[in-house]
Amino acid sequence: MELHNLTPAAGSVKTAKRIGRGAGSGLGGTSTRGAKGAQSRSGYSKKIGFEGGQMPMQRRLPKFGFKNINRVEYKAINLNILQQLAESKKLEVIGLPELFEAGFINKTMLVKILGTGTLTAKLTVKANAFSKSAEAAITAAGGTIEKI
């Protein structure tokens, strides 16, 4: 085997379909578009959701629900995460900068502390909101809470 007799594997190279090159090619005339109608014309593009004239799905189904413009979305952080953070970095105060630095939140997020897990470290926790169980657990461990 040498460079001059290398060939691609059988069936791996296909020739392009040259349409619109005369009747002799077998692909002239209507050029594989069929006869008449919008789809045979140049510039035709089907609208998204078009179902051949049948009433489209987005018009058959009813509208429902709404989006509450006053909703405040919080990032939930549990007590067990605060405990791990306090142990690993030896922290006594945990606020938004510490949570951002640890990669739990981004700068624009509001944080709510939830009561899942156990907290043994005496911490000062600063956040936007606290659940009642989280407040109770933090104060029971000897810590304090600060709502931002």
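The values are calculated or read from the model by the stated rules, or taken from the named source; none is laboratory data. Keep in mind that this is a model prediction, so the values were computed, not measured. Glycine gets a Cβ as well: all are built from the backbone with ideal geometry, and neighbour counts include every protein chain shown.
Matching residues to (1) surrounded by 13 or more Cβ atoms within 10 Å (Cβ to Cβ); (2) touching a Gly at 6+ places or on another chain (Cβ under 7 Å):
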position	(1), (2)
54	no, no
72	no, no
82	yes, no
116	yes, no
128	yes, no
137	yes, yes
Item to complete: Assess whether residue 41 counts as being in contact with a Ser or Thr (Cβ under 7 Å, 6 or more places away or on another chain), on the phi < 0 side of the Ramachandran plot and not assigned by TED's automatic domain parsing to the domain that holds residue 134.
Response: no
Worksheet entry | Scope region 110-132; condition under 11 Å from residue 76 (Cβ atoms) and over 29 Å from the mean Cα position of the chain (by Cα); matching residues | none
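Do we have any residue at all in region 62-72 that's under 21 Å from residue 145 (Cα atoms) and not hydrophobic (A, V, I, L, M, F, W, C)? Spell out how you get there, then give the answer.
The first filter runs over region 62-72 and keeps only residues under 21 Å from residue 145 (Cα atoms), leaving 72.
Next, from what is left, pick out any that are not hydrophobic (A, V, I, L, M, F, W, C): none.
No, region 62-72 contains no residue that is under 21 Å from residue 145 (Cα atoms) and not hydrophobic (A, V, I, L, M, F, W, C).
With 93, 111 as the choices, which residue is in contact with a Lys or Arg (Cβ under 6 Å, 6 or more places away or on another chain) and of a type in the set (A, V, I, L, M, F, W, C)? Spell out how you get there, then give the answer.
On the way: 93 fails: in contact with a Lys or Arg (Cβ under 6 Å, 6 or more places away or on another chain).
Criteria check complete, one pass: 111.
What number of residues within region 43-67 satisfy the criterion of being of a type in the set (D, E, K, R) and over 29 Å from residue 33 (Cα atoms)? Step through it out loud before you land on a result.
Kept after step one, since they are of a type in the set (D, E, K, R), are these residues of region 43-67: 46-47, 51, 59-60, 63, 67.
Restricting the remaining residues to those that are over 29 Å from residue 33 (Cα atoms) gives 59-60, 63, 67.
Adding up the residues that qualify gives 4.
Of all residues in region 85-104, count the ones that are outside any helix (DSSP H, G or I) and either crowded, with 18+ Cβ neighbours inside 10 Å or modelled with pLDDT of 95 or more (or both). It would help to see each step written out before you state the result.
Of all residues in region 85-104, those outside any helix (DSSP H, G or I) come to 90-95, 102-104.
Adding the requirement that they be either crowded, with 18+ Cβ neighbours inside 10 Å or modelled with pLDDT of 95 or more (or both) leaves 94.
Summing the residues that are outside any helix (DSSP H, G or I) and either crowded, with 18+ Cβ neighbours inside 10 Å or modelled with pLDDT of 95 or more (or both) in region 85-104 gives 1.
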